[in-house]
Structures are given as C-alpha cells and as structure tokens.
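Take a look at the structure below.
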Amino acid sequence: MQNELFGVFGSRADFERFCNPARFNTVVETDQATIGVRDVGYGLPGRTVAHDDETGTCVVWGEVVSETGASPAKELLRRYAEVGDDAFDLLNGSYLAYVEHDGDAQLVTDAIRSWECYYTDAPEVRVFGTDAANVAQAVTNASLDEQALAEVTHFGVAFDEATVFDELERVPFDGYLTPESAGELSRFVYDPQPPSEFDYATELAERLERAIERRIELPGRKGMLLSAGYDSRAILSQHPDLDVGYTLGTPEAAEVKVAKKLAAQYGIDHETLEVTERYLDVRPEVIQYSQGIRESLHIHHRGNNDEIEVDTVYHGMLFDTLFRGFFLPGKGLEMFDRTFPLQGLEPDPDVPQHFAKKLGFLGSEGSGADYDGLDERSADEFARDVIQPRYEACFDRADDPHNAIDLLGVKQKPTLPFRGHLADHYVESFVAVDRELLEWHLKTPPEHRNTRTFLQALEKLDPEILRHQPPDRPHHSFRMNQIEKFLREKLPGVKAFENPWPDRQELYDRNNLDQKLFPGYEEVHGLPPRVKLRMNDLTTWIEFATGESQCTPDELLRPPSVST
C-alpha cells in the first residue's frame, strides 16, 4: 500500500526485524517506539507529519485539519503536555496519532476509527500498523478465528476488534493502544439537544460549509465521485475549485444523465466510468483493501482506476450513515408484499433482524443458503447471537435504542475499503468525519437524522441544489417516491426505476466467476454473488497475508457455535 503506518513498541532493531525502513517517507525513533509512515500526501499541509522536541514526540498520520496552519503534530504534542488525553478532543480529521510525553506513549484513532490499526504481540515486542497483512507477518503460526470468518461471510464485516486471525487484533473504536494495553476513549458519545437549543438543518448546513472549506486547499487537478443522489451535492455545490466529476455507469443510464446535468449546473467537467467486467476485479492487489474484515464489493471504482485522472479526490462516503439515518429503522406499513414507509422511527424494532438485513446477511429470506447442520441453530439465531450483544454494548455511549442502533452502524462502516483504495491512489479528503459534523450527529436526535433534515440543509447551501432530482426519486416526498416505485414495479407496461448500481448477478455470470473462483465447489455455486465474492475476499486475502491457502470456500459457509 502507498499509505501506511507501521510501528513497534521497541527499538529500531525490532522495527527492522519486520520491515524494510526504506519503504517509508520517514521513520521516527523514540524512547518507547519506532514508527514508519508513508502517505500519498506526505509533506502537504494538514497531512502526515512528525514533530520532536524537548517535551516529547508526536506523529500524526492521515488527514488532520489545522485551524491555525501550524503542524498538527506540534499542536497536539503541546496540548497533550498541558491537558493529557483531552488534547485528542480537538483533532479534526481522519487519522492515527502517536504521542510520547513524560513516560506516556500511546497511539490513538480518530473518534470513529475511520482508519483501522491492527496489532499483535510478537516475541518481546508489540507490533502495530494500518496494513493488516503486514502486521500479520509478525505472527508465527497464525490460527484462524472461525467466528470472524463466519461474520465476514454472512454479514460482510467482522465485529468488535476481531480479525480473521486469533493473534491479530484491532485498536478499539474511539480507542488507544499502549505498549501493554488497548482501550477506549469517550469522544463519540451521544448528547441529543432540543430544537430550541440546536437548529438541526441550519447547523448541518453551516457545518457542511465549514467542513468543505477546510479541505479546499489540496493539490493539483481535483475530482469527485459524483452520483445522481443527494450526498455528493453538498461538496459539489460548495467547492469552488473542482475540475471533474466521475460517475459509474453507462452513457445512456439515468444515473449518468442526471450526474452530467449536476456537473453542468456547477460548471465542472464530467466523465463516465463505464461498467465492464473489471467492476468485479478480484485480483489480490484489490482485495488487500478489505483487510480480511470487510467485503471488497464497495470499491465500486476499482475497474476504472486508470481512468480517474486527478491528483485530489473527494467523495460523500458516510453522509448517509451520519446525516441521513441509513441504519435507523423507519416505521412501515406492510401491503402487497412490500413495506411502505411512514413518518417516524419504528418504536420497537427487532434490532438483530433489522441490522442483519442492512448488512446483506446471508441468512436473510430469499438468500438461497442451505443451513443444514448448524449445530441445531438456525440462521436467525446466529444473527441474533452475533448482533444482540454488540447492540447492547452500544448503550455505554448511547442514550436510547435508536442511537445505539446508529452507533452499531457507525462502528462497522462496511464501506471503508472504498476510501482505503481511493486514499492509496490519490490525495483523498474525508469530509464526513469533520469534527463539527460528527458533533452534529451526536447532538441531533435520531428522529431528525433523516433525509428530510439533510435536504433542508442542502437547500440552505444552495436553493437550486435540487433542480435535478435523482432519477429514482423524482419527488421531494420520500413517501411519494416509494409509491411511484411500487407502481412502476407492479403495473404492466410501466418501466421500473433503474438501479443506480451495476447488476452483480449479470456481471458475475458474464465473467464465469463460479468456474474461475470456485471450481469443484458446486455447493457454493447456488449462493448469491455477493456472498460468493465475500468468500473469495477471505480466501484470497488470507493467502495474500500468509503466503498459503488456509481455508476452503465450503469451510466458510458453516457458522460456528457462538459463545457470548
């Protein structure tokens, strides 16, 4: 990977046991650690930087916005010397930060762990880094974690701090790592405010404007991944120096046509990234970004990477999760084998069932999976055993069930491989994790974290921002859009809305991937393409990380008994 932090709580000699220091932009040696960093944006203001003085050492890796223009590492070290862990509250961006001062040494994630850090205890030294495969090299005779394998196969994510190896762990959510321990901080805690104290739409609009403004001064030709939906419009409308928008699809697709109109509306060029067989690129150099804990499917642009000719790239990842309640269960009315949305949130949701459906659980109705012989446990029981305790654990940061559900979604972030791949090829800016925007999420009650509030905020940014409606949402009313969608699907002679995403089944079959990926495993062939791609992600990543095949597809299909 072009972007990497790798370190040991040990000496330079310990560091060199596990990696070649020549591959990094710089290697920082302290009394307690040796850390190498490399970054596509190394040397740019607000990007990866190290600072050392008589008070200690600080390394900031990733993107940290500085309000003063000073070095984020220098600012953090100074403040840490004054207030300790409270210094991390003011960091703004997507980062990992290492601080060593007065005998203390710790590595800290940002508030939502938008960069994962992996660690293992090798003989006599703790090894850590952002590339799970490289950290796994420090493990001798690694053993597979069957529970994590089953979770990735069935849900597309591994929960908590697990990885596919028993000996390899992740720094916790909103967490820290020291030479002897790992734990959590308390920056991401829900604190909903009443509307009299916090105007939800106005606050979101103003914070979006400031967050984008903080990230304008990045180098070279600037592009963004532009859909016809809502999320990318905030950046498109507020960034004065964008050059080009890229939309995945075919020139005749409705998604592309509307995206082209948006690009013209805001005076930037537009390029179509045409969908080809490469959309399901299954090479190890792509699958490495799954880190073995998430599915690579979300790297939608992977087949068109060579066509994205920019130096800096922007995207709207996590806008739906943080601002529009993607994981929140809405009220619905069951009619004609379809759920029609009603206003408000479901007061008493079945959380495991709801969350499993959101993650594309293999055991969902209609998946086609064969669950015979699962230790007398059904697929639903497996989902409940996995999700319920993780949901209950969220109440240490959440004040009600809906915030706990949203927190569980924020913790998982299934789309992270998408940004990891982008950040490895371009100077990438992650607008959604701006500190002020995360604070908006925590201060806004869940019933107001929805598309209605988001659209009100967008129209405050630009009254003309909804001039061109998304092709599958022609009305301003969410309910009217759902009614029209239903009628289009049911009435003869009426064309249904186009799916904005490529047809995975058609591409999977066209590439003949059953024979390429699973020869001799006919029992796997009947599974949904998404699940088979997850299975290939796992087997490919494990072999990529260890140099040998350690599990077969049929072994991944059977969830183990869950101990909670």
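Can you figure out the FRET efficiency of F198 with R467, using R₀ = 35 Å and their beta-carbon distance, to the nearest 0.05?
The computed FRET efficiency comes out at 0.75.
Rank-order 86-98, 244-256 by packing density, defined as the average count of other C-beta atoms within 10 Å over each peptide's residues, highest first.
Ranked from most to least packed, the peptides come out as 86-98, 244-256.
How many Å² of accessible area per residue for segment 35-89, probe 1.4 Å?
43 Å²
Binning at 5 angstrom from zero up to the longest distance, how are the C-alpha pair distances of segment 170-254 distributed in percent?
So the P(r) values, bin by bin, are 3, 10, 13, 12, 12, 13, 16, 12, 6, 2, 1, 0.
Just tell me, in residue order, which DSSP H segments of the chain are both 24 angstrom or longer along the helix axis (alpha-carbon based) and at least -0.5 in mean Kyte-Doolittle hydropathy.
Details: long enough: 529-546 (25 Å, -0.29).
Length and hydropathy pass: 529-546.
Under a crude label model (7 Å from the Cα following the beta-carbon direction), how far is R283 from E447 in nanometres?
5.2 nm
Calculate, in nm to one decimal, what K357 and S378 gain on full extension: separation in residues at 0.36 nm each, minus their alpha carbon distance.
Taking 0.36 nm per residue and subtracting the Cα distance, the gain is 6.0 nm.
Quote the relative contact order of the chain in percent (integer), defining contacts as alpha-carbon pairs under 8 Å separated by 6+ residues.
Computed over the chain, the figure is 17 percent.
Determine how large the accessible area of Y230 is when every protein chain is in place; take a 1.4 Å probe and give Å² rounded to the nearest 10.
10 Å²
Once you have the Cα-Cα distance between F486 and E543, take 0.36 nm times their residue separation minus that, and quote the gain in nm to one decimal.
Here the segment from F486 to E543 would lengthen by 16.1 nm.
Please tell me which of these pairs span more than 24 angstrom C-alpha to C-alpha: K222/K257; K331/K490; K222/K411?
In this structure, K222/K411 lie more than 24 Å apart at Cα.
In debye, nearest 20, what is the charge dipole magnitude of the chain about its Cα centre with +1 on Lys and Arg Cβ and -1 on Asp and Glu Cβ, if you could check?
Details: 57 positive and 102 negative charges, 412 e Å.
I would put it at about 1980 debye.
Quote the convex hull volume per residue of the chain, based on C-alpha atoms, as a whole number of Å³.
Numbers: hull volume 88.2 nm³, N = 564.
Taking the convex hull of the Cα positions in the chain, it is 156 Å³ per residue.
For L273, which sequence-distant residues (separation of 5 or more, or a different chain) have an amide H within less than 5 Å of its own amide H, given hydrogens modelled in the peptide plane?
Residues meeting the amide H criterion: T247, L248, G249.
Does segment 405-475 come out rounded, prolate or oblate by the C-alpha gyration tensor, with a ≥ b ≥ c the root eigenvalues, rounded set by a/c under 1.5 and, if not, prolate when a/b is larger than b/c and oblate if not?
Oblate, because a/c is 1.5 or more while a/b does not exceed b/c.
Which shape class applies to segment 1-93: rounded if a/c is under 1.5, otherwise prolate when a/b exceeds b/c and oblate if not, where a ≥ b ≥ c are the square roots of the Cα gyration tensor eigenvalues? Mind dumping the intermediate values first?
Values: a/c = 2.38, a/b = 1.37, b/c = 1.74.
Oblate shape, in that a/c is at least 1.5 and b/c is the bigger or equal ratio.
Among E54, E197, E116, what's the order by accessible area (1.4 angstrom probe), most exposed first?
Numbers: E54 170, E197 135, E116 10 Å².
So, going from the largest accessible area down, we get E54, E197, E116.
So, with +1 on the Cβ of K and R and -1 on the Cβ of D and E, and no other charges, what is the size of the charge dipole of segment 142-231 about its Cα centre, to the nearest 20 debye? Mind showing how you got there, number by number?
Values: 8 positive and 20 negative charges, 148 e Å.
My answer is approximately 720 debye.
Once both labels are modelled 7 Å past Cα along the beta-carbon direction, what's the K331-T178 spacing in nm?
4.9 nm
On the full set of protein chains, 1.4 Å probe, figure out the accessible area of C19 and give it in Å² to the nearest 10.
10 Å²
Put +1 on the Cβ of every Lys and Arg and -1 on every Asp and Glu Cβ in the chain; which of V37, L322, P123 then has its Cα farthest towards the positive end of the dipole?
In the chain, that residue is L322.
Could you give P(r) for segment 101-248, binned at 10 Å from zero, as whole percent values over all Cα-Cα pairs?
Final binned percentages: 9, 24, 25, 27, 14, 1.
For the chain, with all protein chains present and a 1.4 Å probe, just round the carbon and sulfur fraction of the accessible area to a whole percent.
45 percent
Only bridges with both residues in the chain count here: give the DSSP antiparallel percent, nearest 5.
Antiparallel bridges: around 75 percent, rounded to the nearest 5.
Which value, in Å² rounded to 10, gives the accessible area of M1 with a 1.4 Å probe and all protein chains present?
Around 40 Å² of this residue is reachable by solvent.
Would you be so kind as to identify which of V258, G245, S290 lies farthest towards the positive end of the dipole of segment 223-308, taking Lys and Arg as +1 and Asp and Glu as -1 on Cβ and the Cα centre as origin?
With unit charges placed on the Cβ atoms, the residue in question is V258.
Could you tell me whether segment 87-136 comes out rounded, prolate or oblate from its Cα gyration tensor? Rule is a ≥ b ≥ c as square roots of the eigenvalues, rounded for a/c under 1.5, then prolate if a/b exceeds b/c, otherwise oblate.
oblate
The values are calculated or read from the model by the stated rules, or taken from the named source; none is laboratory data. Predicted, not measured: the structure shown is a model, and the values here were computed from it. No Cβ is skipped: glycine too gets one built from the backbone with ideal geometry, and neighbour counts run over all protein chains shown. In case anyone asks, the SASA skips ligands and DNA or RNA and just uses the protein heavy atoms, side chains included. Shrake-Rupley method; radii C 1.70, N 1.55, O 1.52, S 1.80 Å.
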